[in-house]
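Okay, structure first, notes after.
The values are calculated or read from the model by the stated rules, or taken from the named source; none is laboratory data. Keep in mind the model is a prediction, meaning the values are calculated, not measured. Here the Cβ is made from the backbone with ideal geometry for all residues, glycine too, and neighbour counts use every protein chain on show. Accessible surface areas use protein heavy atoms only, side chains included; no ligands, DNA or RNA. Shrake-Rupley method; radii C 1.70, N 1.55, O 1.52, S 1.80 Å.
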Amino acid sequence: MTEKIVIRKLGNAEKVRVRDAQKVRDATTYEPVVPEKQLGFIHNNMDCIGCRACEIACKDKNGLGPGPRFRRVMYVEGGSYPDVFAYKVNMSCNHCAEPACLPACPTGAIWKRTDNGVVDIDSTLCIGCRRCEGTCPYGAPQYDPVDNTVKKCNLCIDELEAGRKPYCVSACMMRVLDIGPIDQLRKGTYPTKAMVKGDQPVRQVQHMANPELTNPSIVFIAHPKGKVQS
């Protein structure tokens, strides 16, 4: 087996820890984690006004400089007058049931929590190889050139453990973004202001990668023009 290349400059203690983590990772057969409860996002494409308050709250919470964006508000426009349309799609890490980034990580820095299904990164083990960035079909891992590591949304795990919701959800003035148990969100049974009676959550919208790839934990209240025809 060829020796692994460590891209990020590591101290002596970090080198030992990363090397040990690589040995454990290499000796482990990957099996998807089945958490006790899988949390996920819901976003209402119809009522989102694109204010980007969620983006700013996320960057502030995580101390992100220019460049990396854990949460991204994407504007979609199209049509010809008079049949024109515009809507927004809001996405971060989808904390997938079968995350492509996790088995791609050579050091085991990426892991999935067993209690709530959050996909997290141990930054002390990240060597900045960016393999996770290349494998994620949703663009969730974000490379930070300042410290040469990859970072991403961890659902504000410290807020969850304190009984609060993530910063992006709390910052949403229109209440079109929320979290909850993904199975209930998919069925439309979870009580949330992000959808109203009669709304039908969908797993995919236009221009989004096929959810069959990783089974992402997100649903949308889709704009009519954004719905994917089955």
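For this structure, a couple of remarks:
- Cα gyration tensor, region 150-220 - rounded (a/c under 1.5), prolate or oblate: oblate
- For region 38-108, the Cβ-based charge dipole about the Cα centre amounts to some 300 debye (Lys, Arg positive; Asp, Glu negative; other atoms uncharged).
- Theoretical gain in end-to-end length, Ala86 to Lys15 [0.36 nm per residue, Cα-Cα removed]: 20.6 nm
- This model, with +1 at the C-beta of Lys and Arg and -1 at the C-beta of Asp and Glu, gives region 1-134 a dipole about its Cα centre of some 580 debye.
- Applying a DSSP loop filter and a limit of 15 other Cβ atoms within 10 Å to the trypsin sites (Lys or Arg not before Pro) in region 157-227 leaves Arg164, Arg175, Lys193, Lys197.
- Where the alpha-carbon atoms of the chain are placed on the principal axes, they occupy 62, 36, 36 Å, in descending order.
- All Cα pairs of region 13-60, percent lying beyond 18 Å: 66
- GNM flexibility winner over the chain from Val33, Val18, Val84 (Cα, springs under 10 Å): Val84
- GNM flexibility winner over the chain from Ala209, Ala104, Ala171 (Cα, springs under 10 Å): Ala209
- Local electrostatic count, Cys172, Cβ distance below 13 Å [Lys/Arg +1, Asp/Glu -1]: +3
- Nearest 10 degrees, 0 to 90: helix 12-26 Cα axis against the chain principal axis: 70
- Highest-MSF residue in the chain out of Ser123, Ser92, Ser80 [GNM, Cα springs under 10 Å]: Ser80
- Accessible surface computed residue by residue for the chain, with neighbouring protein chains in place and a 1.4 Å probe, gives 54 Å² per residue.
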